[in-house]
1. Taking the mean number of other Cβ atoms within 10 Å as a proxy for protection, how do you rank 152-163, 36-47 from highest to lowest?
2. Taking all protein chains in place and a 1.4 Å probe, what share, in percent, of the accessible surface of the chain do carbon and sulfur account for?
3. Could you order ILE100, ILE62 by accessible surface area, starting with the largest, using a probe radius of 1.4 Å?
4. Going by accessible area, probe 1.4 Å, with all protein chains left in place, what is the ranking of MET53, MET196, MET173, largest first?
5. Using Cα pairs under 8 angstrom and six or more residues apart, how large is the relative contact order of the chain, in percent?
6. Net charge near GLU35, counting Lys/Arg +1 and Asp/Glu -1 over other residues with Cβ under 15 Å of its Cβ?
7. Going by alpha carbons, how many degrees (0 to 90, nearest 10) lie between the helix axis of 152-163 and the longest principal axis of the chain?
8. Please work out the average accessible area per residue across the chain, using the 1.4 Å probe convention, and give it in Å².
Amino acid sequence: MRILIVEDERKLAQVLVTALQGEHYETVVAPTGSEGFLRANAEAFDLVVLDLMLPGRNGLEILQTLRQRHLQTPVLILTARDGLEDRVLGLDLGADDYLIKPFALPELLARIRALLRRGRSPEVFRLKTGDLELDLVTRRAVRGDRLLDLTVREFELLEYLLRHQGHLVSREMLAREVWREPRRATPLDNVIDVQMARLRKKVDAEAGQRLIHTVRGVGFVLKEGEP
Ligand code: CA
């Protein structure tokens with residue numbers, strides 16, 4: 001697997017190279033936008049990690065041109081924390097995923113593995129109920145015409161609820177499948193309830209109809225209408 005890293009911050013590029021080589025990926029670094037574009041255009045890569053703020057040619061321009069030329073290589077963009085518009089624009093222009101700087105390396109590696117897997121076996125990439133829709137490729141969540149700004153955990157939580165829509169989901173299931181840490185010293189229940197309250201606010205607060213329902217003492221169910 002060959003990965004192109006388009007990143008002008010030399011230190012970060014080096015960290016990425018070390019991490020990716022540790023996972024046995026072959027890496028190529030392009031330190032400027034122009035070089036990144038030339039290489040992505042001329043050579044075969046399995047994935048491109050693309051910083052957006054680059055000297056020469058910015059990441060969004062590169063992405064747009066590559067997609068216009070029908071290059072299908074998965075692209076993971078790296079954006080600044082305050083770059084919400086860039087992120088949305090990047091996804092619109094055909095990026096497959098994004099990470100906000102600074103990010104944790106295990107997160108980056110997980111996203112890369114997911115993108116490479118997806119490249120090999122296309123599966124379900126959209127989940128929907130009512131006017132709520134999740135795009136698992138771009139990791140966008142939309143309710144009606146509203147783009148939901150979800151954290152990674154909130155997205156996973158919503159994805160899990162949608163995969164089990166109409167069915168009761170217990171806190172134990174969430175702890176095991178979403179948090180994946182069933183044997184925790186402190187009870188997860190509060191954490192789950194807090195995250196669920198946040199998610200519900202984002203999904204349901206401005207909508208006419210509630211989708212996420214609490215089943216007292218048991219768990220949650222996502223469905224249209226009454227639980
Ligand atoms: Ca940069």
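The values are calculated or read from the model by the stated rules, or taken from the named source; none is laboratory data. The structure displayed is predicted, hence computed values, not measured ones. With ideal geometry, Cβ positions are generated from the backbone for all residues, glycine too; neighbour counts draw on all protein chains shown. We work out accessible area using only protein heavy atoms, side chains counted, and drop any ligands, DNA or RNA first. Shrake-Rupley method; radii C 1.70, N 1.55, O 1.52, S 1.80 Å.
1. Working: 152-163: 18.6, 36-47: 16.7.
Most protected by this proxy first, the peptides run 152-163, 36-47.
2. On the way: 6220 of 12220 Å².
Heavy-atom surface of the chain belonging to carbon and sulfur, 1.4 Å probe: 51 percent.
3. Values: ILE100 40, ILE62 5 Å².
In descending accessible area the options line up as ILE100, ILE62.
4. Working: MET53 140, MET196 5, MET173 45 Å².
Putting MET53, MET196, MET173 in descending order of accessible area: MET53, MET173, MET196.
5. On the way: 320 pairs, mean separation 27.2, N = 227.
12 percent.
6. Values: positive: ARG10, ARG39, ARG57; negative: GLU7, ASP8, GLU9, GLU43, ASP51, GLU61.
So the surrounding residues net to -3.
7. Its long axis makes an angle of about 60 degrees.
8. Working: 12220 Å² over 227 residues.
Computed with neighbouring chains in place, this is 54 Å² per residue.
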